[in-house]
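All remarks here apply to the structure that follows.
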Amino acid sequence: MALISINPSTGKKIQSYPELNREEVKKILENVYTAKYNWESSDLNFRLGCVNDMVGVLEDNKKEFSHIITNEMGKPVSQSMAELDKCIWLCKYYFENAEETLADKLIKLEKMKCIVSFQPIGIVLGIMPWNFPFWQVYRFAIPTILSGNVCLLKHAPNVQGCAEAIQTAFEEAGFPKNTFRNVAVAVENVNEIIRDSRVSAVTLTGSINAGRSVAKTAGENLKKTVLELGGSDPYLILDDADLDMAVNSCISGRILNAGQSCISAKRIIVTEKNYDLFLEKIKNNLFSKIMGDPFDNVDIGPMVSVKARDEVHDQVTRSINAGAILVMGGVIPNIPGAFYPITLLTHVEQGMAAFNEEIFGPVFSLIRANDNHHAIELSNKTQFGLGAAVFTRNIKEGEYIAKKKIDAGSCFVNDFVKSDPRLPFGGIKQSGYGRELSSFGIMEFVNIKTIVISNG
């Protein structure tokens, strides 16, 4: 069986990649397991040097890598370049901060010396998605490998060109061979890798079903997991919101990557006071957005595949049939590729697909709330809990709502939700558990080891 990359703009095959057989996977695991002994005992300064050299590799190959991203999954090339810039930022952040984070901590006890040391745990398997094919890998791999672990990458089948480019980048940056390895296998063969005794932990970014499967297999084998799953982020437009700011933030937070992001603005909850004016403003703004060839100056390119496009269209259709009103978009264009227009739905209510499900595409779902209290209530009526945003001129009140009232792993006030190397990232409820990024992320896959020395 081959893993096939298809250009979503044209529907044409880019390249096929042979799937590794069981013996080939076994050999890679043996090599990675052997490599871990040298890597875990390596000096942190050496690891940091490799991360610093990675910055240069990414900068030197930015154009080439951005074209691979855009060709394989369809985002505008400007966004692919921005994704690589973010990877560079992440490398710089950990280069500057990892030493302090991983330093031993001293705890004073009576007649005893206690050291808390952060040691690697071994091989960490990263199961990564296609929507940010470089960023998702780097945010898993860089902190994990810096802490002395070795990394095994199982990337999405449709972005194997990205996967191979990333492995090459690690090698060019000076990371020893087999400290980072791509494993080209189909989804159905992942559980066997998780079960392997040499694999210590698993991190996954993907769907709820994928998370359940990975968690079940890892749990049966007593292996730690970090899961970053789906989201249906609520954006609350409160009575005193700056509507122009809110409109711009909602659009920025939704059309990025054609809406194919876990933290995009999926449910826009607007109070009765602002609903009509907000609708007018966002509609007028959206009409100016351009869909087209991702190598041109456009706002959105195609979705990742025709299958993904058709699933989004089905969700839109079911929502309309349930009473939502289509304001714009919602029609599959008669052109090659997996294009889907920016779509605006109003009168979205609980029970509709646009409210209850995660729509992974460029669809704006407007929900009317009676007042601020009702908006908060509606925001939490979801199985997800990844990100959220609150728009209000009352900063103190916005902070209180974000902190105490919204069920989410992240909540932004007067801005759209975005990941940042300096901030922990992850969800609650069906959006997963564990944290990536910042000092919290680097601690997910270490042995927090207690060492006590008695003075006698």
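Under a Cβ-Cβ cut-off of 15 Å, what is the net charge of the residues other than PHE140 that fall near it, where Lys and Arg count +1 and Asp and Glu count -1? Mind dumping the intermediate values first?
Values: positive: LYS86, ARG139, LYS154, ARG181, LYS224, ARG435; negative: GLU83, GLU228, GLU436, GLU444.
Local net charge: +2.
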**Asked** Which ordering of ILE342, ILE448, ILE28 is given by a fewest-first count of other beta-carbon atoms within 10 Å?
**Response** ILE448, ILE28, ILE342
**Request:** For TYR400 and LYS449, calculate 0.36 nm times their separation in residues minus their Cα-Cα distance, and state this gained length in nm to one decimal.
**Result:** 14.0 nm
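Give me VAL124, VAL77, VAL187 ranked fewest to most by other Cβ atoms within 10 Å of their Cβ, as a rough exposure proxy. Write out the running numbers ahead of the final one.
Numbers: VAL124 26, VAL77 20, VAL187 13.
Final ranking by Cβ density, sparse to dense: VAL187, VAL77, VAL124.
Nearest-5 percent of antiparallel DSSP beta bridges in the chain?
Details: 25 of 63 bridges.
Here the share of antiparallel DSSP bridges comes out near 40 percent.
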**Message:** If the reach is capped at under 18 angstrom between alpha carbons, list the aspartates and glutamates near LYS154, excluding any in the same chain fewer than eight residues apart.
**Reply:** GLU19, GLU23, GLU24, GLU30, GLU72, GLU164, GLU171, GLU188, GLU192, ASP196, GLU228, GLU436
**Prompt:** Among 106-113, 297-304, how do they line up from the highest to the lowest mean number of other beta-carbon atoms within 10 Å?
**Reply:** 297-304, 106-113
**Complete:** Simple SL model, points at 7 angstrom along Cα→Cβ for GLU30 and GLU192; separation in nm is 1.6 nm
**Message:** Going Cα to Cα from LYS75, which aspartates and glutamates come in below 12 Å? Please leave out same-chain ones fewer than 8 positions away.
**Reply:** GLU83, ASP293, ASP296, ASP299
**Item:** Residues in the stretch 253-285 reached by a label modelled at LYS381 [backbone nitrogen below 17 Å; 7 Å Cα→Cβ]
**Value:** 266-273
**Request:** Amide H neighbours of ASN447 under 5 Å, at least 5 residues apart or on other chains, H built in the peptide plane: list them.
**Result:** GLN119, ILE121
**Request:** Any aspartates and glutamates with Cα under 16 Å of the LYS404 Cα? List them, leaving off those in the same chain fewer than 8 positions away.
**Result:** GLU377
**Item:** Packing-based exposure ordering (other Cβ within 10 Å, fewest first) of GLU59, GLU358, GLU228
**Value:** GLU59, GLU358, GLU228
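DSSP loop trypsin sites (Lys or Arg not before Pro) in the stretch 203-304 with at most 15 other Cβ atoms within 10 Å of their Cβ, which ones? List each step's numbers first, then the result.
Working: sites: ARG212, LYS216, LYS223, LYS224, ARG254, LYS266, ARG267, LYS273, LYS281, LYS283, LYS289; in loops: LYS223, LYS266, LYS273, LYS289.
Hits after loop and neighbour filter: LYS289.
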**Item:** Pairs of Cα atoms farther than 35 Å apart, the chain, %
**Value:** 32 percent
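Give me the Kirkwood hydrodynamic radius of the stretch 234-420, using the inverse of the mean 1/r over all pairs of distinct Cα atoms, in Å to one decimal. Let's see the in-between values first.
Values: mean 1/r = 0.0611 Å⁻¹.
The Cα-based Kirkwood calculation yields 16.4 Å.
Using only the Cα atoms of the stretch 149-189, build the gyration tensor, take square roots of its eigenvalues as a ≥ b ≥ c, and label the shape rounded, prolate or oblate: rounded if a/c is under 1.5, else prolate if a/b is larger than b/c, else oblate.
On the way: a/c = 3.57, a/b = 1.61, b/c = 2.21.
Oblate, since a/c reaches 1.5 and b/c is not below a/b.
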**Fill in**
Of the candidates ILE28, VAL57, TYR93, the farthest towards the positive dipole end of the stretch 17-93 (Lys/Arg Cβ +1, Asp/Glu Cβ -1, centred on the Cα centre) is TYR93
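What's the magnitude of the charge dipole for the stretch 234-420 around its Cα centre, counting Lys and Arg as +1 and Asp and Glu as -1 at the beta-carbon? Answer in Debye, nearest 20.
Working: 18 positive and 23 negative charges, 35 e Å.
Roughly 160 debye for the stretch 234-420.
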**Message:** Over the chain, what is the relative contact order in percent, taking alpha-carbon pairs closer than 8 angstrom and at least six residues apart?
**Reply:** 19 percent
**Cβ-derived FRET efficiency at R0 35 Å, LYS63 paired with ASN209, nearest 0.05** = 0.45
**Gained length - LYS92 relative to ASP371, 0.36 nm times residue gap less alpha-carbon distance** = 96.1 nm
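Just so you know, all these numbers are worked out from the coordinates, no wet-lab data involved. Here the structure is a predicted model, which means the values were calculated and not measured. Don't worry about glycine lacking a Cβ; one is built from the backbone with ideal geometry, like all the others, and counts go over all protein chains shown.
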